[in-house]
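Structure record follows, encoded as structure tokens.
The values are calculated or read from the model by the stated rules, or taken from the named source; none is laboratory data. Computed from a prediction, not measured in an experiment: that's the story for all the values here. Backbone-built Cβ (ideal geometry, glycine too); neighbour counts: all protein chains shown. Quick note on the areas: whole protein, heavy atoms, side chains included, nothing else; ligands and nucleic acids left out. Shrake-Rupley method; radii C 1.70, N 1.55, O 1.52, S 1.80 Å.
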Amino acid sequence: MKNIFRIFSIFLPILCLSSCGLQSAHLANQPVQSVDTAMGTVIQQNIYLKEENETITDDILKEITDLEETVLSRRLDSAELYQVNEAAEDREEIRISESLAAILSSCQQVEKDSDGAFDLTIGDVVELWDIDDYAGQENPEGYQLPKQSAITEALAHTGYEKVELQENLLHLPKDMKLDLGAVGKGVALTNIRQSLGEDSSVEGAVISVGGSILTYGAKPDGSSWKVAIVNPRDTASSIGYLDITGDWCISTSGDYERYVEVDGVRYHHILNPKTGYPADSGLSAVTVLSKDGLLSDALSTACFVLGEEKAVKLAEAYDADVLFVDCEGNVTMTEGMKPYFHPMK
Ligand code: FAD
Ligand code: MG
């Protein structure tokens with residue numbers, strides 16, 4: 001719960017940059033708003049309605065929790081991913097649903113193109129570091145940094161190239177564990193955009209699922225969406241904002257989102273699959289702008305691990321744009337991002 005409040009404070013600036021209003025205030029062109037939790041993070045919704053829809057924010061929240069509980073979670077035994085990871089302990093071939101197969105197939109492409117900087121098979125190493133359970137604490141009681149021998153052992157159970165997916169048949173090596181933490185929130189955004197498109201009551205929306213944000217449609221007054229970019233070294237403030245119109249997915253991966261500090265050293269949650277240690281590419285935060293949620297989320301993680309030079313090439317291949325904040329606070333970005341980014345004055 002402590003994590004949730006910490007994350008809440010990080011994402012609050014996103015709300016403050018959009019209009020504020022009361023529930024059911026849409027008649028006055030104000031958005032319907034809600035703040036909830038799911039997927040271990042904060043869900044913020046701002047939805048502009050053309051006509052009455054009393055259940056819209058509940059419907060979207062349910063869509064996110066259903067996706068978590070039935071498909072994506074590695075923690076809940078009701079979820080397909082949990083069951084796949086359990087099954088991999090006994091047998092190598094598993095029949096999976098079409099929706100999970102589609103997600104894994106898209107991820108495989110990013111795994112290849114990033115040369116394994118993004119790698120869903122990192123589950124065992126993620127569990128070993130256990131940063132989610134201790135995040136936000138300095139010298140957390142009971143927390144022990146993993147030993148090199150344990151990291152080496154866990155790394156032996158990783159490697160995207162060892163996974164085979166043929167239609168709905170998944171071949172996982174024994175003891176391998178998949179983790180969709182780097183991409184699940186983006187998948188949720190893609191699904192939500194589809195649902196909003198099928199709902200004639202919705203004119204426009206900004207929906208954030210943790211560090212991944214969807215902008216959809218338009219505001220009634222025609223003004224643009226403004227999405228804050230958090231300052232990684234002072235998460236209550238922002239370094240600037242993206243000024244965009246229409247449908248976009250924006251995902252940020254940062255070393256400030258989840259970390260433990262042990263003896264003054266920060267160990268964050270984005271791991272380099274080659275070393276098994278927190279990625280150390282000189283970056284503090286990476287924001288990716290893409291038309292697709294799965295891609296914005298997967299690429300933000302991949303780019304964070306790769307470092308700026310390789311990240312720019314990867315993003316180009318996906319027609320995505322990227323903004324980088326390095327560990328000294330320097331801000332750089334791809335050419336395509338420049339028209340959208342406005343630094344805070
Ligand atoms: P991102 O960069 O998008 O992802 C980092 C995460 O991806 C890491 O935490 C790790 O899980 C994984 N990862 C690390 N390195 C790599 C790599 N190189 N390649 C691929 N993956 C990598 N958190 C909780 O504390 N409790 C929960 O109950 C919980 N449930 C969740 C359920 C779902 C369906 C999902 C998707 C996530 C859940 N989380 C939960 C995790 C949490 O919400 C975030 O996903 C996590 O903090 C990382 O998100 P991010 O945007 O900060 O970083
Ligand atoms: Mg990600």
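Note the full-extension length gain between residue 262 and residue 143 as 0.36 nm times their separation in residues minus their Cα-Cα distance, in nm to one decimal. Mind dumping the intermediate values first?
Details: separation 119, 0.36 × 119 = 42.84 nm, distance 0.89 nm.
Extending this stretch completely gives an extra 41.9 nm.
Within segment 218-238, whose backbone N sits under 11 Å from a point 7 Å along Cα→Cβ of residue 331?
Answer for this model: 228-232, 238.
Please compute the length gained on full extension between residue 54 and residue 166, using 0.36 nm multiplied by the number of residues separating them and subtracting their Cα-Cα distance. Write out the running numbers ahead of the final one.
Values: separation 112, 0.36 × 112 = 40.32 nm, distance 4.25 nm.
Result for the pair: 36.1 nm of gain on full extension.
When the Cα centres of segment 267-285 and segment 85-128 are compared, how far apart do they sit, in Å?
Result: 19 Å between the Cα centres.
With the other protein chains left in place, how much accessible area per residue, in square angstrom, belongs to segment 270-345 at a 1.4 angstrom probe? Provide the component values of the computation, followed by the final result.
Details: 3380 Å² over 76 residues.
Per residue, segment 270-345 has 45 Å² of solvent-accessible surface.
For the chain, modelled as a Gaussian network with Cα springs under 10 Å, which listed residue fluctuates most, 296, 149, 208?
Evaluated over the chain, the most mobile residue of the options is 149.
Just to confirm, what accessible area per residue do you get for segment 79-217 at 1.4 Å probe, in whole Å²? It would help to have the intermediate numbers written out before the result.
On the way: 6050 Å² over 139 residues.
Result: 44 Å² of accessible area for each residue.
So, with a 1.4 angstrom probe, what is the percent of accessible area on the chain that is carbon and sulfur? Walk me through the intermediate numbers first.
Working: 7340 of 15380 Å².
Here carbon and sulfur together make up 48 percent of the probe-accessible area.
Among 219/310; 174/291; 185/226; 291/313; 62/345, which pairs are too far apart, with a Cα-Cα distance over 29 Å?
Working: 219/310 36 Å; 174/291 36 Å; 185/226 20 Å; 291/313 18 Å; 62/345 39 Å.
Distance filter (> 29 Å) returns 219/310; 174/291; 62/345.
Restricted to Cα positions, what overall size does the chain have along the principal axes? Three whole-Å values, descending.
60, 45, 41
When the chain is treated as a GNM, springs tying every alpha-carbon pair under 10 Å, which of 192, 250, 103 comes out with the largest mean-square fluctuation?
The residue that fluctuates most here is 103.
For a quick check, take a GNM of the chain with Cα springs below 10 Å and name the residue from 54, 164, 141 with the largest mean-square fluctuation.
141
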